Amino acid sequence: MQWIELKKEGAVGVLTMNYEGQNRFSTDFCEDLLAAMDAVESDGSIRSLVVVGGDEKYWSTGLHLDYLGRIGAEEVKKFISLFNGMLKRWCVYPKPVVAAINGHAFAAGAILAAHLDYRFMREDRGWVCLPEVDINIPFLPGMIAILRATLAPSALRHMALTGKRFNAAEAQNLGFIDGVFSKEELLPKAVEWAAFLATKNPAAYAEIKRRMRAEVVHIMEQEDPKYAFGQG
């Protein structure tokens, strides 16, 4: 896992993303994340997971548009399938997952955060933003479904249709962020909450999450390919 650092704090795994600073999604980065997910899922000593950015300015700023502009159409299709498969796996990942958002979470980075179970954010740095309305990249149906599962209708409308940037307090008021902490407290608080979730019955936790998000997964599997590949 070239771009991922994985450590343990008791029963909690701490996954640090270190891909070119901004953690923009490319094929290599997605494959590394999937490998890390395999490692955590197969390690019985890790009962929950925290995902944090390695650069204090960024958590993830979304798709690596420069990379996608350099590769051919067939490779872009393969990437979209890979990326969507990664999101689907996070959606029903069988262990508790807490995002420690230590910097900007833009576009597909914010979408990834929505697929995780809880989202904590640093109070003094970073924006949450869904800029797709400004950059002409409409959401796939599965992305809308996970945002609907995360946000109240008015908050989803405001985030998705304005493209505005929201600081941690604003994002918490919208219901996207569950807790806001200082730079020093963010990761310890995320680990603390993940440790609490690690005490829950693992089979029940996984099954409840799977049932709660079954409709999201169905949409990702049945509807997303139609739009991702120009059939919608």
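The values are calculated or read from the model by the stated rules, or taken from the named source; none is laboratory data. Please read all numbers here as calculations on a predicted model, not as lab measurements. No Cβ is skipped: glycine too gets one built from the backbone with ideal geometry, and neighbour counts run over all protein chains shown.
The table for this structure:
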quantity: Of residues in the range 22-76 being β-branched (Val, Ile, Thr) and part of a loop (DSSP other than H, G, I, E, B), the one surrounded by the fewest Cβ atoms within 10 Å (Cβ to Cβ); calculated: ILE71
quantity: Criterion violated by LEU68 - all others in (1) in contact (Cβ under 8 Å) with a residue 60 or more places away in the chain; (2) over 30 Å from PHE181 (Cβ atoms) satisfied; calculated: (1)
quantity: Filtered residues of the range 5-19 (kept if over 14 Å from the mean Cα position of the chain (by Cα) and touching a residue at least 24 places away in the same chain (Cβ under 8 Å)); calculated: GLU5, LEU6, LYS8, GLU9, GLY10, ALA11, VAL12, GLY13, VAL14, ASN18
quantity: Total residues in the range 1-21, condition outside any strand (DSSP E or B) and crowded, with 22+ Cβ neighbours inside 10 Å; calculated: 1
quantity: The range 201-211: number of residues that are loosely packed, with under 12 Cβ neighbours inside 10 Å and of a type in the set (Gly, Ala, Ser); calculated: 2
quantity: Single unsatisfied condition, ARG210 versus (1) over 22 Å from SER42 (Cα atoms); (2) in a helix (DSSP H, G or I); (3) under 17 Å from the mean Cα position of the chain (by Cα); calculated: (1)
quantity: Out of ALA114, ALA160, sole residue that is touching a Ser or Thr at 6+ places or on another chain (Cβ under 7 Å), among the aliphatic types (A, V, I, L, M) and either more than 21 Å from ALA206 (Cα to Cα) or buried (at least 20 other Cβ atoms within 10 Å of the Cβ) (or both); calculated: ALA114
quantity: Test: residue in the range 91-106 that is β-branched (Val, Ile, Thr) and either free of Cβ contacts under 8 Å to residues at least 12 places away in the same chain or under 21 Å from ASN167 (Cβ atoms) (or both); calculated: yes
quantity: Residue identified as at pLDDT below 95, touching a helix residue (DSSP H, G or I) at 6+ places or on another chain (Cβ under 8 Å) and under 21 Å from ALA108 (Cβ atoms) among PHE229, PHE166, PHE176; calculated: PHE229
quantity: ALA214 vs. criteria touching a strand residue (DSSP E or B) at 6+ places or on another chain (Cβ under 7 Å), farther than 23 Å from ALA11 by Cβ, of a type outside the set (D, E, K, R) and exposed (fewer than 15 other Cβ atoms within 10 Å of the Cβ); calculated: no
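To keep it simple, each residue is scored yes or no on (1) at pLDDT below 95; (2) among the small types (Gly, Ala, Ser); (3) in contact with a helix residue (DSSP H, G or I) (Cβ under 6 Å, 6 or more places away or on another chain).
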{"position": "LYS7", "(1), (2), (3)": "no, no, no"}
{"position": "SER26", "(1), (2), (3)": "no, yes, yes"}
{"position": "ILE71", "(1), (2), (3)": "yes, no, no"}
{"position": "PRO96", "(1), (2), (3)": "no, no, yes"}
